[in-house]
Amino acid sequence: MFSQLAEQHRKAAATHNTTTRHAQVIQISQFLLDDLEHHDFKHAAVVLATLCHDIEDLSTEIWKCGVEVLDQEAATRHEVLPFLKRLFIRLPVEEREELMLEIMLVLVSEVSVNEAFLFGMSYIHQVPFKDNPMLRAYCGLLASLLWLEEQENMPSDAYPAGSLGFDLSFSMGLSGQVPASASFMNTAPGQGNSQLKSTAIRFFKSLEGVPGSWDTFMLAYIKVIEQDESEAAEIRRILECYQETNPSSPNANDFLCRHLLHLHSKGKCTREEVRVAMLSLFDVCPTSELTLEFMAFADSTEEATTVLMQHMDYPQCARQV
């Protein structure tokens, strides 16, 4: 990856009068290339920090190199993370938008969810970041993780299943990354919770009607809202909106079905509403594990048999039945 950049500097030196500074950059670039070839990532981290001060035309190749060094050698975080932050500011804005999510995930992995959230919040209200739904989604997810940590005082991999029947482990490598003392912008006691919650809801709400796979964020959205019974009625509307926006998504249909089953068990949803939702689910996901539950909602034996036979067309499902 970095050999191309080093070669560019060498070619530039061959066609122009090489200044002392340019010669130093070429030499430092060669040092970095040698370190990478010999897998000496600790020294490569030091060289990267030097390059960040000496190279004016910084590029995403150098960024990718820094992320790779960090990924290969976690002990380099003290050199590489400051380098990535300084480099981020100096990159063109269009490149920063592309790399914003990457640096947030690096901070989650190497520092904490709180650090990643604060970094994201420092940019998310600026153009062009504020118009990027994926960045808004991740800011909402991180806010929800921090709020749930403070609210429930439990690690992020231990959230109980809610009305969707899922354990809210976000499968993002975030488990255990939320510090017990996480704070939001140094707010006074009791204020951080409400601000984190409203921030998470605001960002999640901005995803409503936006096509795309937002499964992880929908689960977090529901989990935050479920904590307040006065807002529980919103859950059905949110999931119906998600399913209508993504009618061919198995998960969007599955989430809605699970919630309607939950409501039906409490007498807050009709049998027909559950039936219609489940038939929509089976249209896009005939292998759904909810097939057997449909037997109690089918209009007729013929309808139940049709759905079950369709399900058993798949060998893995036939074995389970």
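Descending by average beta-carbon neighbour count within 10 Å, the peptides 296-302, 218-224 line up as 218-224, 296-302, the highest first. Quick one: net charge around SER280, please, counting Lys, Arg +1 and Asp, Glu -1 for every other residue with C-beta under 12 Å from its C-beta. That sum, taken over residues with Cβ under 12 Å, equals -4. Working note: Karplus 6.51/-1.76/1.60 with θ = phi - 60° gives the stretch 277-285 the couplings 5, 5, 5, 5, 4, 5, 5, 9, 9 Hz, where Gly and Pro are set to x. Evaluated with a Cβ-only charge set (Lys, Arg +1; Asp, Glu -1), the stretch 208-247 carries a dipole of roughly 120 debye about its Cα centre, given to the nearest 20. Sequence-ordered 3J(HN,Hα) estimates for the stretch 265-273 from the Karplus curve with 6.51, -1.76 and 1.60 and θ = phi - 60° stand at 5, 9, x, 10, 8, 7, 4, 5, 5 Hz, glycine and proline given as x. Sorted on the mean count of surrounding Cβ atoms within 10 Å across their residues, most packed first, peptides 133-143, 98-108 read 133-143, 98-108. Couplings 3J(HN,Hα) of the stretch 219-225, computed from phi: 4, 5, 4, 5, 4, 5, 5 Hz, in residue order, whole Hz [Karplus 6.51 cos²θ - 1.76 cosθ + 1.60, θ = phi - 60°; x for Gly and Pro]. A full extension of the chain between GLN195 and HIS264 corresponds to an added length of 21.5 nm, given 0.36 nm per residue minus the alpha carbon distance. For the stretch 272-312, the per residue solvent-accessible surface stands at 51 Å², with DNA, RNA and ligands left out and a 1.4 Å probe.
When peptides 273-283, 239-249 are ranked by their average number of other Cβ atoms within 10 Å per residue, the highest-first order is 273-283, 239-249.
The values are calculated or read from the model by the stated rules, or taken from the named source; none is laboratory data. As the structure is a computational prediction, the values presented were derived from the model and not from experiment. All Cβ positions, glycine included, derive from the backbone under ideal geometry; neighbour counts span all protein chains shown. Remember, those area values only see protein heavy atoms, side chains included, never the ligands or the DNA or RNA. Shrake-Rupley method; radii C 1.70, N 1.55, O 1.52, S 1.80 Å.
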